[in-house]
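Student: Following this message is one structure expressed as structure tokens.
The values are calculated or read from the model by the stated rules, or taken from the named source; none is laboratory data. Since the model is a prediction, treat every value here as computed from it, not as a measurement. Glycine also receives a Cβ, built like all others from the backbone with ideal geometry; neighbour counts cover every protein chain displayed.
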Amino acid sequence: MTDSPLHLLLEFDARSQRDQDQPPAFLHRRDRKFALGCEQRGETPDARGWLEHMARLSGPGDRPSIADKTDRLWSRFNAGFAAAGVLLGALTMLGLLFYDSGQRINITVFLAFVVLQLLLAVFTTAQAVVGWQPWRWLTRRIVPRSPTGVANRLNPVLMARAAHLGGLGFALSGLLTLLAMVVVQDLAFGWSTTLETSAPGYHQLVVAVATPWSWLWPASVPDLALVEATRFFRAEAGTGAIEPGRWGQWWPFVTMLWITWVLLPRCLLTLVSVGLLRRRARQLLASHPAMHALMYRMETPALDTGSQHNDAGDMPDTATRATVQALPESDILLRWAGAGEPELPRTLTSATTRTLSAGGAASLADDQAALGQIDEWLRKGPSQAVMVVTRSWEPPTGELQDFLAAARERWPAGTQVALVPLALDARKEPEAHLLRQWLRFAERVGEDFVGVCAPRLEWRDPYAEQEGVS
């Protein structure tokens with residue numbers, strides 16, 4: 001998956017839209033399992049890792065994702081702006097350098113045009129920062145709207161990036177056209193203005209404009225003699241009073257003027273627009289409502305409440321087709337999440353009972369080790385059933401369902417799991433309404449593999465046994 005924050009935001013937004021059709025309990029178990037897997041690997045769960053995990057679960061798709069479609073759309077958009085900028089830059093420079101031997105190329109006009117380009121570049125960045133969309137009419141026609149509107153909030157920054165790429169193409173093609181015209185033509189530059197401006201004052205202006213590059217190329221800064229010699233008036237157009245060689249000495253200044261005040265600002269502001277786009281995409285992803293829900297699901301254990309309704313006023317659905325079964329003959333017992341501590345009922349244990357623990361405070365590695373040990377016992381011994389002791393008053397968790405799903409795949413075919421929910425007082429049978437949630441859980445996991453057992457329990461008092469021995 002690409003590291004682009006925009007691509008990540010679009011993929012996450014599309015995935016969150018598809019998840020709206022899934023039951024909340026399913027989403028909770030799925031995302032909680034992903035978080036536990038990251039914890040086992042020593043990784044911090046994040047949006048990129050979650051999307052890669054979801055892509056592995058979903059498998060390769062036949063259709064391109066919404067993020068890929070949007071990337072291609074804006075790539076074509078950017079290419080169109082850049083191509084238009086290259087064409088306009090060449091034509092504009094040809095217009096600015098038009099010379100018919102009867103009229104000089106006015107440096108004042110060139111300065112004014114450079115200032116206009118600089119203002120347009122700054123304005124493009126400013127509208128992206130404040131979120132204004134002067135191109136709204138165009139984006140509405142070309143860019144499809146996101147159902148949540150999250151991606152559409154990036155349109156001002158995306159349009160600013162496209163406009164800067166067009167301006168960058170304009171500046172580059174203009175520079176290349178200028179250099180080509182200097183080589184193939186004998187250009188005559190001069191300066192003139194209707195205002196009463198003295199040559200020393202105009203010289204101070206061009207020196208101030210040339211300050212950024214004066215240390216790099218001193219010859220590109222016009223001196224006072226050149227400024228005085230190349231001033232022209234309308235009435236003097238076409239006269240030969242001024243030495244012809246002096247008219248062409250402005251080209252280094254014009255070249256550096258274009259590079260410094262048109263090309264370099266466009267390069268810098270293009271990079272700023274790219275950085276601003278990445279920053280806005282990260283902010284929108286962090287504040288996405290689905291991101292908050294995802295983090296909650298990953299940090300909170302999944303519980304089954306027994307209600308299949310969305311309305312809080314509805315009563316929980318307690319209907320079930322499953323029934324309580326008799327306790328099977330088995331010498332394999334698993335304590336789930338510390339159930340049955342510190343002592344188990346007499347009817348669940350014997351001298352040959354082998355006991356393991358999993359779930360709860362146990363790590364995923366401990367759970368895998370328990371699965372492997374039970375698998376080894378089942379394949380070696382005659383027993384084909386496993387008793388799993390749980391706490392009846394605690395709703396079934398998604399971790400237990402995932403554990404049983406892994407057990408179904410790993411343990412020998414025909415193995416039966418007997419869920420034994422214990423009451424808070426292990427000397428009593430669990431209440432009926434507590435057993436119903438475990439019966440529904442068995443239905444969901446599969447009654448061909450999991451059953452619920454609640455026999456009449458006999459309590460073994462370890463202290464009484466010690467007194468009888470003494």
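Student: Could you go through the stretch 331-342 and let me know if any residue there is over 23 Å from Thr415 (Cβ atoms), at pLDDT below 75 and in the same structural domain as Val417 (by TED's automatic domain parsing).
Tutor: The answer is yes; a qualifying residue exists.
Student: For the stretch 243-301, list the helices (runs of 4 or more DSSP H) that sit wholly inside it and hold at least 2 residues that are touching a Ser or Thr at 6+ places or on another chain (Cβ under 9 Å) and under 26 Å from Leu168 (Cβ atoms); which are they?
Tutor: 251-258, 264-286
Student: With the requirement that a residue be farther than 23 Å from Gly372 by Cβ, aromatic (Phe, Trp, Tyr) and in contact with a strand residue (DSSP E or B) (Cβ under 7 Å, 6 or more places away or on another chain), what does the stretch 392-451 give you?
Tutor: Correct list: Trp438 only.
Student: I'd like the full set of residues that are surrounded by fewer than 17 Cβ atoms within 10 Å (Cβ to Cβ), under 16 Å from Pro252 (Cα atoms) and not hydrophobic (A, V, I, L, M, F, W, C), limited to the stretch 169-214.
Tutor: Gln185, Asp186, Thr211, Pro212, Ser214, listed by residue number.
Student: Considering only residues that are part of a loop (DSSP other than H, G, I, E, B) and touching a strand residue (DSSP E or B) at 6+ places or on another chain (Cβ under 9 Å), which ones fall in the stretch 337-370?
Tutor: Ala337, Gly338, Ala339, Gly340, Glu341, Leu344, Pro345, Thr349, Thr353, Gly359, Gly360 - these are the residues of the stretch 337-370 that are part of a loop (DSSP other than H, G, I, E, B) and touching a strand residue (DSSP E or B) at 6+ places or on another chain (Cβ under 9 Å).
Student: For Leu116, work out the one condition from (1) crowded, with 19+ Cβ neighbours inside 10 Å; (2) under 19 Å from Trp191 (Cα atoms) it doesn't fulfil.
Tutor: (1)
Student: To continue, here is another question. Those residues that are surrounded by 15 or more Cβ atoms within 10 Å (Cβ to Cβ), part of a helix (DSSP H, G or I) and modelled with pLDDT under 80, I need them from the stretch 46-67; list them, please.
Tutor: Ile66, Ala67
Student: Look at Glu443 and say whether it is of a type in the set (Asp, Glu) and either under 15 Å from Leu327 (Cα atoms) or outside the structural domain of Pro345 (by TED's automatic domain parsing) (or both).
Tutor: On the way: of a type in the set (Asp, Glu): yes; either under 15 Å from Leu327 (Cα atoms) or outside the structural domain of Pro345 (by TED's automatic domain parsing) (or both): no.
No.
Student: Sticking with this structure for a sec: Can you report the number of residues in the stretch 387-421 which are under 19 Å from Lys33 (Cβ atoms), basic (Lys, Arg) and out of contact with any helix residue (DSSP H, G or I) (no Cβ under 6 Å at 6 or more places or on another chain)?
Tutor: So the answer is 1.
Student: For the stretch 410-430, name all the residues that are of a type in the set (Asp, Glu) and surrounded by 13 or more Cβ atoms within 10 Å (Cβ to Cβ).
Tutor: Selection gives Glu429 alone.
Student: If you don't mind, there's one more thing I want to ask. Please enumerate the residues belonging to the stretch 326-348 that are more than 18 Å from Pro382 (Cβ to Cβ), out of contact with any helix residue (DSSP H, G or I) (no Cβ under 7 Å at 6 or more places or on another chain) and surrounded by 18 or more Cβ atoms within 10 Å (Cβ to Cβ).
Tutor: Arg335, Ala337, Ala339, Gly340, Leu344, Pro345, Leu348
Student: Does Leu356 satisfy the criteria of being in contact with a Leu (Cβ under 9 Å, 6 or more places away or on another chain), under 28 Å from Lys33 (Cα atoms) and touching a residue at least 12 places away in the same chain (Cβ under 8 Å)?
Tutor: So Leu356 fits the description; yes.
Student: Report, by residue number, each residue of the stretch 1-44 that is surrounded by fewer than 14 Cβ atoms within 10 Å (Cβ to Cβ) and touching a Lys or Arg at 6+ places or on another chain (Cβ under 9 Å).
Tutor: The answer is Met1, Asp3, Gln22, Pro24.
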